[in-house]
Every structure is written in structure tokens, then in C-alpha cells.
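Heads up: the structure comes next, in C-alpha cells.
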Amino acid sequence: MLAAYRIELPGLNYDELEFANAAQGAPDNTWIYIRLGSVPLLISPYVGALKAWLYIPVFRFFGVSASTIRLPVILIAAVTLLIFYRAVRGTLGATWAAIAVWIMAVDPANLFPSRLDRGPTVMMHLFQAAILALWFSFRDKPQLWKAASILLCFVLGCFDKFNFVWLGSAFAIGILVCYPDNAKNLWFSLPRFVPWVAIILVLTALATMLYLVLPYRHLLPAGTLTMPVGIHWNALLGTLSGATVASFIFESPAGIIGVLPGWLIIVDGLLALACLFLPISDVKARENRKSGIFCLLVGFLIFLQIAITPNAGGDYHPNHYSMIFPFPLLALAFLAKSLDTQFATKSPRGAATLLGLSAASLFVVNVHNTTAYLSRFRANAHYSPQWSPEIYSLSSYINEHGSEWKRIISIDWGLHNQIHAFAPKHLRPQIREFTPIFRRLDKKREEEQSWALRFVFPEGKSIVITFAASNEFYPETRRNFLASLASHRELKSRLLKEFWFQGEKIYELYEISGPTRAL
């Protein structure tokens, strides 16, 4: 499979491994927000431990490696495509459904995130596909177990990551607007207490969302509560084209054609207008029109919620915009199928040619972008320091020599999770991250600095891991660390080792001898 090509590249990223400690039994509280007894429940205030639970047997039987971390999510993404095929085959037909899924299979918005699952996004798309498949099946043959399964998928999706509530609210509004008869029949077919339970769950979700969002609004600088629409639009296009992920990894989106998603959305809008204003008498054509407008509306409502949520948009959050995939493509398929069904008998050759060219264009551009992306793994490409493959050499060195030090300390973002995940069990308690301390160290008074350094560096030898100069994520952490060594002579230090990749220095290791007395 394309997503598994040179699966070890790029180097594992900090965000990829947020779940790893919970999946390894959570012997310490690294990325553990809430436990239920000894069982990790949340790894952050808005991310559940669902993925970690799924990986417990994987890590137990196969260990931790790039393959065991990335291959399971690639397989889940493949299953998701099959579910999408099942979701649309009944209304689009086998041929149209197969074309749509083939386009999805090589779509950078699907292929790039499924390999890395930064966000995470793979489970989100799995539940998204299951919900669509169950809903379209429910419309064909209403059964209560399908409605219950949809609700279960929403609960699991929100537990996996709470921003799944964006999809839930967009989906509910889309049903009320596009399928009011189905919504009414479902409401009255349920036992009397069930709708009220559903209302309580919705209100609870909304209250929880406000509880999580509102405390952060006053922390954001003035003017950042809402970004200009243009920033959100460009971030959406970057996500759907794969340019944003390529920029994260290679620090350049070179070779990626980024305009296609924008044109796809524009064409969706034009097709929607055509379907609304042109006379459509065929029953199947009307049903496909309804489904196409539903997909377009859901995608728009998700985009709108991202835009109004503080600190949820922009180039750094492609995992949020990823929720909009594959609604633009599905909208195109449904709307085009509606027009084809209604008017193909009048001009079959012209309609088939136009639709064939559209599908071929999407497929060709997606293949081009995917090829441009994967070819950089074959070539010795330049990687962003936070995605450098040299992380494997660094982790191996730490595992080999870790018993020599009392603490293994990372002082910049992007290092701790990988080193902690790859370390043997006996070494993990020694691995600590003190990025927040060193980010603010220069703002503290002298006595506060001394106390902080006593806390960080115990008596004996410790190792400090940081990015090399000009490769830092937070430049102030390295600067403050070196300044603290210069101003506190009690700390004996030496540059122990450097790690290089493709002629570029990526990491530096400093050995620190903590004081035998208080600073």
C-alpha cells in the first residue's frame, strides 16, 4: 500500500506518540490526564485513551517501532475506505462508488494523515465513515439498531477526541435541513424516553464544549479570537491538498499542486445551484441531489465551527480541517450523479465525457501530489528537525547508555515522547521533560532560577537533550539552558555527543553533573 512505503520515514514525531505511554501500561503520568483506577481514561482534557487501548496488545506482542506505530492506523484507514464504499454504493451504484473511493485512496488528505495520524485523525475518519454508512442504510431500511449504532459512533468519536462534536452538530443540522421526514419518523419511532436522553446528551456535549473553550478565550491575545476567513480558507486548501503536511515534514510543499481542493469546492457549489434550480423529476436524481447538498452542508458547518472556535484554526491545525474530508468529494459525486441520472438520456455522450474528465483530473492530480510526497522519502530529502529520522539513532544511544545517568532530560518540544516510548521499562522513570521550565527561566528571579535548577538536576550525572542551534522549536529553551550553565558554576557540564543527518546537526547531548550541595 502507498501509505506503508518506507514506513519508518519521516522520523516519528512527538504528536504521533502522545498515546504511547498509556498503551504501554502508563507506569508514570506522562500524557495521562485522568485515570479510572489504574486504567488511563484521558490523555489530555479533550483526547481520550481509545487509541491507546487499541494499541495495548500491539505493543505487548510486537514492541514499539515505527512499523507497530504506523501500520495499524494505515490498516484502519484502509478499512475506512471500504466503509465509505459501502456507504455510497447503494445510492451511487458500484461503478460511481468505486471511482469515488479510488480517488479517496490516492487523495493526500487521506493518505498523508493516515500514515502519521498526527492529531489524531484516523479513528475520526473511521467513525465518520461508519456514521454515513449507517445513516444511508437507515434511510433505505429504518431500524432502531442503526440509530443506536450512529449514537454509539458519535460517543466513541467524541471520546477519541472531543472536537468530534463538530461533526455531530453539523450532522444533526444537516439531517434536519435535508432529511426532515426521516428525522421526524425517527423521533416518533423511538421509545418516549430515548429522545429526551438524546437531548440531554447533546446539551451535555455543548456544555462540555463551552467548559473547555471559554477558559481559553481570555488567554488569547486581542484579535486572535477570530482569524480572517482567508487564513482558514488557505489552511483548508493546504490540508486537503497535502501541502501543509509536506511543509511540516520537509519544510517545503515543493511539488504539491494546491489549487485543486478550492476548485473542487467551487464546482460543488455550482453543481448544487444547478441541482436546486434545474427541474429534476427523476426520484433517484432527487435523492442524490439531497445527499450531495447534505454533504456540502456538513462540510461547511464543520468549517464554520472551526472558524469560530478559539485557537482551532490556522496552518498548525490540519488535523481539525481534516474532518471536512471527504465531504467535498462526496458532494461532487452525489450532485454529478443526480445531474447524470436526470439529463444523461438527453445527451449521454456529453455528460459521460464531462464527468469522466472531472474524475480523471481529480485522480491524476492526487496521484501527482502523492507521488511528489512519497518520492521525497526515496531521495535523501531534508526533514524538519522535529521529523528527522535521526530520532532513531538518538533513541538507540539513550537506551544503550541510559543507566549511566540519574535523569534523561529534554528541554525543547519534540523530543520527549519518542525517547520515552522507545526506552525499556526500567529506563522510563528517568526520562523527564522540562521544556516549560526552560522556556521561562530567564523571566525568574535569581533565587527562583536556583530552585528550578535544583529541581531539574539532582545530585549526580544527568543528560540533557536539545536541538542544535537554529533547529530549536522554542529557541529560548536552549538559550536559557546554556545561560544557566554559565551563571551557575556549580553545574559541571560538557557537550557529550552530537547527532547529524544529511550533513546537518540535529541534536546535542550535554552531560550535567549536579551539585553535591544546594545551589
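The values are calculated or read from the model by the stated rules, or taken from the named source; none is laboratory data. Here the structure is a predicted model, which is why all the values come from computation and not from measurement. Note that we place each Cβ from the backbone using ideal geometry, even for glycine, and neighbour counts take in every protein chain shown.
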1 or more residues more than 30 Å from residue 247 (Cα to Cα) and touching a helix residue (DSSP H, G or I) at 6+ places or on another chain (Cβ under 9 Å): qualifying helices (runs of 4 or more DSSP H) within the stretch 385-479: 391-401, 446-456
Look through the stretch 470-498, keep the residues that are within 29 Å of the chain's Cα centre (by Cα) and not hydroxyl-bearing (Ser, Thr, Tyr), and return whichever of them is surrounded by the most Cβ atoms within 10 Å (Cβ to Cβ). 478
Out of the residues in the stretch 270-282 that are closer than 13 Å to residue 340 by Cα and assigned to a helix (DSSP H, G or I), state the one that is nearest to the chain's Cα centre (by Cα). 271
Among the residues of the stretch 12-34, which ones are part of a loop (DSSP other than H, G, I, E, B), buried (at least 20 other Cβ atoms within 10 Å of the Cβ) and either touching a strand residue (DSSP E or B) at 6+ places or on another chain (Cβ under 9 Å) or hydrophobic (A, V, I, L, M, F, W, C) (or both)? 12, 18, 19, 30, 31
Of those in the stretch 92-109 that are surrounded by fewer than 20 Cβ atoms within 10 Å (Cβ to Cβ) and of a type outside the set (A, V, I, L, M), the residue nearest to the chain's Cα centre (by Cα) is 102
Can you tell me which residue among 184, 161 is in the same structural domain as residue 323 (by TED's automatic domain parsing) and either acidic (Asp, Glu) or modelled with pLDDT under 90 (or both)? 184
Can you tell me which residue within the stretch 43-85, out of those that are crowded, with 20+ Cβ neighbours inside 10 Å and in contact with a strand residue (DSSP E or B) (Cβ under 8 Å, 6 or more places away or on another chain), is modelled with the highest pLDDT? 52
If the requirement is being surrounded by fewer than 21 Cβ atoms within 10 Å (Cβ to Cβ), among the β-branched types (Val, Ile, Thr) and assigned to a helix (DSSP H, G or I), which of these qualifies: 267, 245? 267
Could you pull out the residue among 102, 96, 53 that is touching a residue at least 12 places away in the same chain (Cβ under 8 Å), farther than 27 Å from residue 256 by Cα and of a type in the set (Phe, Trp, Tyr)? 53
The lone condition residue 140 fails out of (1) at pLDDT 90 or above; (2) over 23 Å from the mean Cα position of the chain (by Cα) is (1)
Could you identify the single residue in 28, 107 that is more than 30 Å from residue 332 (Cβ to Cβ) and among the charged types (D, E, K, R)? 28
Criterion first (in a helix (DSSP H, G or I), over 22 Å from residue 366 (Cα atoms), in contact with a helix residue (DSSP H, G or I) (Cβ under 6 Å, 6 or more places away or on another chain) and aliphatic (A, V, I, L, M)) does residue 131 satisfy it? yes
